[in-house]
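Inspection log for the structure reproduced underneath, given as structure tokens.
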Amino acid sequence: MDSLIIESATRLPAVSLVAETGKLFFSGRSLPEDGRGFYLSIVEWVREYALAPAAVTECSFRMEYFNSSSRKCFTDIFKILSAMNEEGHSVKIIWHHEEV
């Protein structure tokens, strides 16, 4: 399975999804005008990855800000990862946040 790498832009996050290492990484700001359109290939990649995941999947979020359409897409990704975990696959989610 090919990796999916998306460079960050002013309103779009950097995304790095690497199947062979099980590393999924999101960072930056997520304010796409068409959230479903932007995240469609990402969610589909995660669905396909879930069929034959790495021994350990580590999904890391280092988001500065994201809008409600991005939140919905993140929720879709979390549901896929949760199903993987329920099936016995090792899944780790890391949510980086600013200390207050």
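The values are calculated or read from the model by the stated rules, or taken from the named source; none is laboratory data. Everything numeric in this text was worked out from a predicted model, so none of it was measured. Counting neighbours? That spans all protein chains shown, and the Cβs are built from the backbone with ideal geometry, glycine included. For accessibility, only protein heavy atoms count, side chains too; no ligands or nucleic acids. Shrake-Rupley method; radii C 1.70, N 1.55, O 1.52, S 1.80 Å.
Can you pull the Rg over Rh of the chain, Cα-only, Kirkwood?
Ratio of gyration radius to Kirkwood radius for the chain: 0.95.
Given the Cα-Cα distance of residue 54 and residue 6 and 0.36 nm per residue of separation, how much length would full extension add, in nm?
Answer, rounded to one decimal: 15.2 nm.
Per DSSP H run of at least 4 residues, take -39500 (n - 2.57); add these up for the chain, divide by its residues and hand me the 222 nm value, nearest 500 deg cm²/dmol.
The helix contribution divided over the chain gives -12000 deg cm²/dmol.
Using only the alpha-carbon atoms, how far is helix 68-86 inclined from the longest principal axis of the chain? Give it as 0 to 90 degrees, nearest 10.
The angle comes out near 10 degrees.
Can you tell me what share of the DSSP beta bridges in the chain is antiparallel? A percent to the nearest 5 is fine. If you can, show how the numbers build up before the last one.
Working: 8 of 22 bridges.
So the antiparallel bridges in the chain amount to around 35 percent.
Could you give the length gained by full extension between residue 96 and residue 72, i.e. 0.36 nm per residue of separation minus their alpha carbon distance, to one decimal place?
6.8 nm
Residue 64: accessible area at probe 1.4 Å, nearest 10 Å²?
140 Å²
Please give the per residue accessible area of the chain, computed with a probe of 1.4 Å over protein heavy atoms only, in Å². Can you show the working numbers first?
Details: 6190 Å² over 100 residues.
Using a 1.4 Å probe on heavy atoms only, each residue of the chain averages 62 Å².
State, as an integer percentage, the relative contact order of the chain based on alpha-carbon contacts under 8 Å between residues 6 or more apart.
26 percent
Within a Cβ distance under 11 Å of residue 3, other residues only, what is the Lys/Arg minus Asp/Glu net charge? All intermediate terms of the calculation are to be shown ahead of the outcome.
Values: positive: 23; negative: 2, 20.
For residues surrounding residue 3, the net value is -1.
For the chain, what % of the accessible area comes from carbon and sulfur atoms, probe 1.4 Å?
Ligands and nucleic acids excluded, carbon and sulfur reach 50 percent.
What does the extension gain come out to for residue 41 and residue 79, with contour length at 0.36 nm per residue minus their alpha carbon separation?
Gain on stretching residue 41 to residue 79: 12.1 nm.
Work out the charge dipole of the chain with +1 on the Cβ of Lys and Arg and -1 on the Cβ of Asp and Glu about the Cα centre, then indicate which of 94, 65, 15 is farthest towards its positive end.
It is 65.
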